[in-house]
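S.K.: Here it is: the structure, laid out below.
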Amino acid sequence: GDTAYLDTDLSRNLDAKTAAEGARVRYAVTPFTTLALGVTQSRSRFELAPERNSDNVRLTSAVEFHPFAAVSGRAEYGVLRRTFVDGNAPPFKGSVARVDLAYTLLGRTRFAIGYQRDLQASYRIDQRDYLQTGIELSVTHRLTNAWDVRGRLGRFNLAYGVTEGTGAPVGVADERVRTYGVDIGRYVGGMRVGFQVTGQARTSDSN
């Protein structure tokens, strides 16, 4: 709508429609481990900012661990190629990844790690997207059968103006995001009800 941030019309720069199709092949190596290969083709169209329209091809490989395995979750790595329809911006071709893994110690303490490296749409007028890379850690401890407490901490880097191949910034300032939080919850009838306090700090090298 009429939302503006730092004199930027967010609707113009972020409103988009994306259509995608793809295929994935999965193979169960063991009852607890599955390997996967996938390919996805997508098209993003910005009605108010056609210079941001892009075509994307993503190739990924992944390993998935059963929820009852010692380590559970999923780790994915791949390659993304993005080209802009108007041809006025250099394409991006680089690695992307997403990791969500967890380990439970003695049935009461759960350690989780999340990692992300991927392109995201930027609100900035002078930059169409940025490469977000970061990690988040969390620890959840079961106090009793009904109560648990969780803490988390994350750090992400936002690199603007990435080049094809290297994924390195091209003379554009980076931004950093730090997240943290703690929450306590109680399980009632199969549902978790909790109270959470979170915070986020974002710093930029630009003026």
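S.K.: State all residues of the range 9-66 that are surrounded by 14 or more Cβ atoms within 10 Å (Cβ to Cβ), within 21 Å of the chain's Cα centre (by Cα) and of a type in the set (Lys, Arg); if no residue qualifies, say none.
M.R.: Arg43, Arg45, Arg52, Arg58
S.K.: Show the residue pairs that are 6+ apart or on different chains and have beta-carbon atoms under 9 Å apart, the first residue being within the range 185-207 and more than 19 Å from Glu136 (Cβ to Cβ) and at pLDDT 90 or above, the second being hydroxyl-bearing (Ser, Thr, Tyr) and in a strand (DSSP E or B).
M.R.: Val193/Tyr187
S.K.: Looking for something among the aromatic types (Phe, Trp, Tyr), in contact (Cβ under 8 Å) with a residue 24 or more places away in the chain and in a strand (DSSP E or B) - is there at least one such residue anywhere in the range 9-32? So that I can check it myself, show each step before the final result.
M.R.: Step one: filter the range 9-32 for residues among the aromatic types (Phe, Trp, Tyr), giving 27, 32.
Right, trim to in contact (Cβ under 8 Å) with a residue 24 or more places away in the chain and you get 32.
Checking which are in a strand (DSSP E or B) leaves us with none.
No, the conditions are met nowhere in the range 9-32.
S.K.: Is there any pair with a first residue in the range 123-134 that is aromatic (Phe, Trp, Tyr) and a second that is at pLDDT 85 or above and not in a strand (DSSP E or B) whose Cβ atoms are under 7 Å apart and which are 6 or more apart or on different chains, and what are they?
M.R.: Listed pairs, sorted by first residue: Tyr123/Leu10; Tyr123/Asn13; Tyr123/Leu14; Tyr130/Ser122.
S.K.: Can you tell me which residues in the range 67-82 are among the hydrophobic types (A, V, I, L, M, F, W, C), open to solvent by less than 40 Å² (accessible area, probe 1.4 Å) and part of a strand (DSSP E or B)? Quick ask: steps written out before the conclusion?
M.R.: In the first step, residues of the range 67-82 are kept if they are among the hydrophobic types (A, V, I, L, M, F, W, C); the result is 68-71, 75, 79-80.
Those left that are additionally open to solvent by less than 40 Å² (accessible area, probe 1.4 Å): 69, 75, 80.
Ala75, Leu80 - these are the residues of the range 67-82 that are among the hydrophobic types (A, V, I, L, M, F, W, C), open to solvent by less than 40 Å² (accessible area, probe 1.4 Å) and part of a strand (DSSP E or B).
S.K.: Sort out which residues of the range 85-99 are without any contact (Cβ under 8 Å) to a residue 60 or more places away in the chain and out of contact with any Phe, Trp or Tyr (no Cβ under 9 Å at 6 or more places or on another chain), and write them in order of number.
M.R.: Val85, Asp86, Gly87, Asn88, Ala89
The values are calculated or read from the model by the stated rules, or taken from the named source; none is laboratory data. All values derive from a computational prediction rather than experimental measurement. Don't worry about glycine lacking a Cβ; one is built from the backbone with ideal geometry, like all the others, and counts go over all protein chains shown. With ligands, DNA and RNA removed, areas are computed over all heavy atoms of the protein, side chains included. Shrake-Rupley method; radii C 1.70, N 1.55, O 1.52, S 1.80 Å.
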